[in-house]
Amino acid sequence: MVTAYISHPDCALHDMGNNHPECPRRLNAISDCLIAAGTFDYIQQIDAPKAELHHLQLAHDRNYINNLLINSPKEGLFRIDEDTALSPHTLDAAMHSAGAMIRAVDGVMSGEFTNAFCATRPPGHHAERAKANGFCFFNNIAIAAHYAVKHHRVKKVAVIDIDIHHGNGTEDILGGSRRIQYWSSFESDIFPFRDNKLRSRRNVSLHPIATNCSGSDYKNLINDQLMPWIYRLRPQLILLSTGFDGHIEDEISHSRLTDNDYRWVIEKINGAAKVFCQGRIISTLEGGYNLSALGRCGAAHVKELAGL
């Protein structure tokens, strides 16, 4: 079994300003823990290519992409909203983030490696078909899902979102797909404040969690809802939006998950991937803003994928 760790130095150049939680140091937090543990000796490191325009158009409107290109600043910031801004290096980083997922899909489907973790930023699951928000510009996981269906003829893709925020962009883009199923657990009283009374589309399974959710509560949700969903679907590929922002040390949410809870979750999903899709699971970094917790959990996540 070979695990790929896909990243690119340009992803650390995207910077939305001092004290912004989605900061360049997030990637170092994970890689530093992996270096300290000696994990890089046992996994394959790959530089992420840039996604091409036709890749981005699998999930995004052409006019939306053009507007981002037009508004990309040569210096300073171009603010899209209060929390989301383009810097001079943002689009390069975002194209490497999307490109990492394309590279990962090609790698696992060809058998070059078994699974992959894409350590990239900016994240993607809040980016809608024609709208950037929630720190996100291109929806990396939605692009990858459509790419797997179109270019590798995958008939059943499972997209699982364990970030503490709902992936409104992923739902917007993937909702209604016949070959892609989307499962999301999230706190409903934090961004993007999804109205849980809205009817979901047939391929979207939404699971709001209670404020102050404990590890035992979350494990019950995974056992009672996610695992049966995976076993019914029997996917040929699992794509995972991985956020560690439900950690008890992360102030961006109210949940009380721990390092062990996050390790347990990836063990369960990884186990299902081995049963149904020859271990083909691709995980991409979404949230996680307490650097210490992010580093520990991210490193444990990669080690579990690699069977270390």
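Across the stretch 231-248, the number of residues qualifying as in a helix (DSSP H, G or I) and surrounded by 24 or more Cβ atoms within 10 Å (Cβ to Cβ) comes to 0.
Does any residue of the stretch 206-214 turn out to be among the polar types (S, T, N, Q), under 19 Å from the mean Cα position of the chain (by Cα) and not in a loop (DSSP other than H, G, I, E, B)?
So far as the stretch 206-214 goes, no, none of its residues is among the polar types (S, T, N, Q), under 19 Å from the mean Cα position of the chain (by Cα) and not in a loop (DSSP other than H, G, I, E, B).
Of the set (1) crowded, with 23+ Cβ neighbours inside 10 Å; (2) touching a Leu at 6+ places or on another chain (Cβ under 9 Å), all apply to LEU305 but (2). Filter the stretch 149-166 down to the residues that are of a type outside the set (A, V, I, L, M, F, W, C) and more than 15 Å from the chain's Cα centre (by Cα), then identify the one that is nearest to SER255 (Cα to Cα). So, considering only residues that are of a type outside the set (A, V, I, L, M, F, W, C) and more than 15 Å from the chain's Cα centre (by Cα), the one nearest to SER255 (Cα to Cα) is LYS156.
Got a sec? Which of ASP15, ASP47, ASP32 is out of contact with any Phe, Trp or Tyr (no Cβ under 7 Å at 6 or more places or on another chain) and under 13 Å from ASP92 (Cα atoms)?
ASP15
Residues of the stretch 260-297 that are farther than 22 Å from ARG121 by Cβ and touching a Gly at 6+ places or on another chain (Cβ under 9 Å): ASN260, ASP261, TRP264, ASN270, ALA273, GLN278. Any chance the stretch 166-175 includes a residue that's touching a Pro at 6+ places or on another chain (Cβ under 8 Å) and at pLDDT 95 or above? Taking every residue of the stretch 166-175 in turn, at least one turns out to be touching a Pro at 6+ places or on another chain (Cβ under 8 Å) and at pLDDT 95 or above.
For the stretch 274-289, the set of residues classified as within 17 Å of the chain's Cα centre (by Cα) and surrounded by fewer than 23 Cβ atoms within 10 Å (Cβ to Cβ) consists of TYR289 only.
Residues checked against (1) among the β-branched types (Val, Ile, Thr); (2) under 14 Å from THR284 (Cα atoms):
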residue: ASP61; (1), (2): no, no
residue: ILE65; (1), (2): yes, no
residue: ASP81; (1), (2): no, no
residue: ALA104; (1), (2): no, yes
residue: GLY124; (1), (2): no, yes
residue: ALA127; (1), (2): no, no
residue: ASN139; (1), (2): no, yes
residue: VAL149; (1), (2): yes, no
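Each residue in the stretch 283-302 was checked for being part of a helix (DSSP H, G or I) and over 20 Å from ALA93 (Cβ atoms), and 8 of them qualify.
Given the structure, is ILE102 outside any helix (DSSP H, G or I), buried (at least 20 other Cβ atoms within 10 Å of the Cβ), in contact with a helix residue (DSSP H, G or I) (Cβ under 6 Å, 6 or more places away or on another chain) and of a type in the set (A, V, I, L, M)? Taking the combined requirement at face value, the residue does not satisfy it.
Pick out the one residue from ARG25, ARG62 that is out of contact with any Phe, Trp or Tyr (no Cβ under 6 Å at 6 or more places or on another chain), under 21 Å from ILE143 (Cα atoms) and not aromatic (Phe, Trp, Tyr). Just a single option satisfies the conditions, and that option is ARG62.
Just the residues that are hydrophobic (A, V, I, L, M, F, W, C) and part of a loop (DSSP other than H, G, I, E, B), please, taken from the stretch 107-135. Show your work before the answer.
Just the residues of the stretch 107-135 that are hydrophobic (A, V, I, L, M, F, W, C), to begin with: 108-109, 113, 116-119, 127, 130, 132, 135.
If the condition is that a residue be hydrophobic (A, V, I, L, M, F, W, C) and part of a loop (DSSP other than H, G, I, E, B), then PHE113, ALA119, ALA127, ALA130, ALA132, PHE135 are the ones that fit.
Between PHE191, PHE138, the distinction of being in a loop (DSSP other than H, G, I, E, B), farther than 26 Å from GLU52 by Cβ and of a type in the set (Phe, Trp, Tyr) belongs to PHE191 only.
The values are calculated or read from the model by the stated rules, or taken from the named source; none is laboratory data. Here the structure is a predicted model, which is why all the values come from computation and not from measurement. Here the Cβ is made from the backbone with ideal geometry for all residues, glycine too, and neighbour counts use every protein chain on show.
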